[in-house]
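The values are calculated or read from the model by the stated rules, or taken from the named source; none is laboratory data. A quick note: this is a predicted structure, and the numbers were derived from the prediction, not measured. Don't worry about glycine lacking a Cβ; one is built from the backbone with ideal geometry, like all the others, and counts go over all protein chains shown.
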Amino acid sequence: MYVCSCFGITEKQVKEHAEAGACTPRQVASLSKAGTDCGSCVRRIQGILGRAACPRRELLDRGNSAAGPAADPDSGPGTELGEAA
C-alpha cells in the first residue's frame, strides 16, 4: 500500500527505513523524499513508526546528554558558538 503517492513510497519501504534506523518522519524523508512534497503522508509515516524502539529516542527518554548538543561546562560566560575560547 502506498504511503506517499507523490513519490510512490510504500508502507513496506517506510518499515524498511525504520528497521535501518530511521526514527522520525524527517529521517524517512531524507532517505526517501516521502513527506517532502504535499505533506499529507507525514501523519501516516508517524503512525507506522509509532513508538517502536529507537536508539536516539531511548537516549532522549533517559535524559542522556550524548543524544543531543550540550553546553560545554568549561566555556565561560559570553562564549558563543563559533568564537575562539
Check your understanding: Applying the selection to segment 32-59, what residues are modelled with pLDDT under 90, in a helix (DSSP H, G or I) and surrounded by 14 or more Cβ atoms within 10 Å (Cβ to Cβ)?
Key -> Arg56, Arg57, Leu59
Review point. All but one of (1) surrounded by 16 or more Cβ atoms within 10 Å (Cβ to Cβ); (2) at pLDDT 95 or above; (3) outside any loop (DSSP other than H, G, I, E, B) hold for Lys12; which doesn't?
Key: (1)
Check your understanding: Do we have Ala29 as modelled with pLDDT of 55 or more, within 13 Å of the chain's Cα centre (by Cα), assigned to a loop (DSSP other than H, G, I, E, B) and not polar (S, T, N, Q) here?
Key -> no
